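Enquirer: One structure, pasted below without further comment.
The values are calculated or read from the model by the stated rules, or taken from the named source; none is laboratory data. The shown structure was predicted, so the numbers you read here are calculated from the model rather than taken from an experiment. No Cβ is skipped: glycine too gets one built from the backbone with ideal geometry, and neighbour counts run over all protein chains shown. When the accessible area is computed, the model is the full protein with side chains, heavy atoms only, and any ligands, DNA or RNA have been set aside. Shrake-Rupley method; radii C 1.70, N 1.55, O 1.52, S 1.80 Å.
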Amino acid sequence: MPFLDDIGPGDERRSPSWATFATVADQVERMVMTNLAWAAVLAPGVVALAFTGLPGWLRVILGLVSATALPPATAVVYGAAASACRGQQVDLGLAGELLRELGVSSLRNLAPLYGTFGVLVWSAWAASAAGLTPLVTVLTLAVLVWSVCGTYWGPLFAADPSLSPARLAAESVRLVWQAPERALVTWLLVGLCVLVGVVTIAGVALIVPVLVAVAQTHRLRDLHSVVSTPLAR
C-alpha cells in the first residue's frame, strides 16, 4: 500500500512532532476548514449536554445526531491528515471522496474503539462517584493504556478501512509494544494539544482535532522505518 511508501527526504529529516506543525502550516486555512466541519458535527451533542433545560426528546435526538455523524467525520479528518502528510492538497472534493470511501466503514470498524474508550472513561467516573477506589485505579490504568494504543487507530483505519475493530486494536497494541517510547512522545503531544484546546475552547473548533490526526499519522509513517506495519507489507 502506497500510504507509507512515499516519504520524501524532507520528511526523513524531520521528527514526527516537527513534521506535524509543518504539515498543518503548509495549508493551515484548509486544515481549519476541515476542523470546523468536524466541530459542526459535534455541536448538536454539545448543545444536548450544555442546555439541560431543553426537552428530553430533543436532547436525545441531538445526541444521536452527533453520535451517528461523528465517526464518519472523524474518519474524514484522518483521511485528510493522511493526504496532507503525503503533500496533497486538502479540499472539498477530497472530503467528499473520503466520506464516500470511509463513512460506512467508520461506523463498523472505527466507532467501536472510540466507544470502548468512552465506556472506560464513564466507568472510571462512576466508580469514583461510588467511592470504589481499587476499581477506579484499575479503570484509570485501562483508560491510560487504551488512550496510548489509540494513537494508531485513526491512521491505521484511514490507510485500510477494511481492518476490523479487533485487527485495528491488535495492530495498535503491537506497534505500541514494539516502540513504546515513540507512542508515548506522540501521546504526550496529543495530550498537550487537547489541554490547550480545552483551556482555550476555540482550539477544539479551529485546529486541535486535525492537529492530533496529523501528529498520529506522522508517527505511524515514522514507524515504517522502525518496525513492520500492515501498511508496509
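Enquirer: Residue pairs, Cβ under 6 Å, 6 or more apart or interchain, first in the stretch 31-47 and among the hydrophobic types (A, V, I, L, M, F, W, C), second open to solvent by 50 Å² or more (accessible area, probe 1.4 Å) and in a helix (DSSP H, G or I). List them.
Expert: Pairs that qualify, where the first residue is among the hydrophobic types (A, V, I, L, M, F, W, C) and the partner is open to solvent by 50 Å² or more (accessible area, probe 1.4 Å) and in a helix (DSSP H, G or I), are Val32/Leu206.
Enquirer: Taking helices (runs of 4 or more DSSP H) that fall entirely within the stretch 63-171, which contain at least 3 residues that are open to solvent by less than 30 Å² (accessible area, probe 1.4 Å), in contact with a Phe, Trp or Tyr (Cβ under 6 Å, 6 or more places away or on another chain) and of a type outside the set (Lys, Arg)?
Expert: The qualifying helices (runs of 4 or more DSSP H) are 153-159.
Enquirer: Same structure again: Residues in the stretch 44-67: is at least one touching a Pro at 6+ places or on another chain (Cβ under 6 Å) and aromatic (Phe, Trp, Tyr)?
Expert: no
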